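J.: Below you will find the structure I want to go over with you.
The values are calculated or read from the model by the stated rules, or taken from the named source; none is laboratory data. Quick caveat, the model's predicted, so the values are computed rather than measured. Cβ atoms come from the backbone with ideal geometry, glycine included; neighbour counts cover every protein chain shown.
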Amino acid sequence: MFEICFLGTSASAPSIERNMTSTLVIHEGQRFLIDCAEGTQRQILRSGLGFKEMRQILLTHGHLDHILGLGGILSTFGRWEAISHVQIYGGRWAIDRVRDLVKVVLRSKEVDIEIELIEVKPGVLIEEKNLTISAFPVVHRGSGCFGYIFQERTKRPFLVDRAEVLGVPEGPERRRLVAGETITLANGTIVHPDDVLGAPVPGTKLVYVGDVARTDEVIEPARNADALVMEATYIEEDAEIARQFGHITAAASARAARDAQVKQLYLTHISRRYSGAQIEAEARAIFPNTIVVNDLDRAIVKRGQPIVTGE
């Protein structure tokens, strides 16, 4: 299960209703901040979630409206939040810009924080006990633009009824079977994991795409995702403008969600020229399971059951 808090949902510049782009993904208590626009730390405070355990930041690309908040939030981490080590992931161009930003903002010794800048390549970035985060390349403007796949591990359910028939007692024996070991019972019966484990059940899958100029690179990475977060900067009548600036329309995002057979589409990065209702109407005509998110909306993403809970 994942919890998402959409900290900022505006494209390029803030509006009265929307701050610029930043999103917090929480999995089993671990927090991942995706992009960090100007004003992000205030949005975190407004969300009530705080800064605890926010040690990993994933950047979709290096444009200023996605990274300018890093100077302030890193200063806050070092001065007030007792966060001594932060990992920032991004393409080479994004990392180079962050390095320059950090040199300017944190050039004195007043802030005691270790900043680890990690260049993203396509493939697995982070592996945890029940979570893998992978990156895939997308096209926007400039090099080193990435989307991210958050994938829980596939599990095989333990079949209690089968175990009881075979006489497997509760406790270490069952844990060993779940871990993939073959065991021998006190009466000499040999029990294999396949005897008591059900068919593999895929874990929850969340895919996050930042700014993007086309969707063909998104379809396969997003295939069968429980939730896809994607930009909808323009509507179809302004498709030519979208192409000029390396963005897509709400309809294009909806078509990608439909073609990838995702369960739920969350649209963000909304231009100030449109209302959320305009964006949502265009997308839902193609992919009904679409929600245009607002600042501080929260979503719970479970296998086959993504929902929005609001602020």
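J.: From (1) assigned to a loop (DSSP other than H, G, I, E, B); (2) in contact (Cβ under 8 Å) with a residue 40 or more places away in the chain; (3) farther than 29 Å from T154 by Cα, pick out the condition that doesn't hold for T60.
T.: (3)
J.: In the list S143, S134, which residue meets the criterion of being at pLDDT below 90, surrounded by 12 or more Cβ atoms within 10 Å (Cβ to Cβ) and under 30 Å from Q244 (Cα atoms)? Lay out the reasoning, then the answer.
T.: Numbers: S134 fails: at pLDDT below 90.
The conditions single out S143.
J.: If you don't mind, there's one more thing I want to ask. Being surrounded by fewer than 21 Cβ atoms within 10 Å (Cβ to Cβ) and in contact (Cβ under 8 Å) with a residue 60 or more places away in the chain is the filter here, so list the residues in segment 22-55 that pass it.
T.: Those that are surrounded by fewer than 21 Cβ atoms within 10 Å (Cβ to Cβ) and in contact (Cβ under 8 Å) with a residue 60 or more places away in the chain: H27, E28, Q30, R46, S47.
J.: May I ask you to list the residues in segment 146-168 that are under 21 Å from I300 (Cα atoms) and at pLDDT below 95?
T.: If we filter segment 146-168 for residues that are under 21 Å from I300 (Cα atoms), which is where we start, we get 147-155.
If the condition is that a residue be under 21 Å from I300 (Cα atoms) and at pLDDT below 95, then R153, T154, K155 are the ones that fit.
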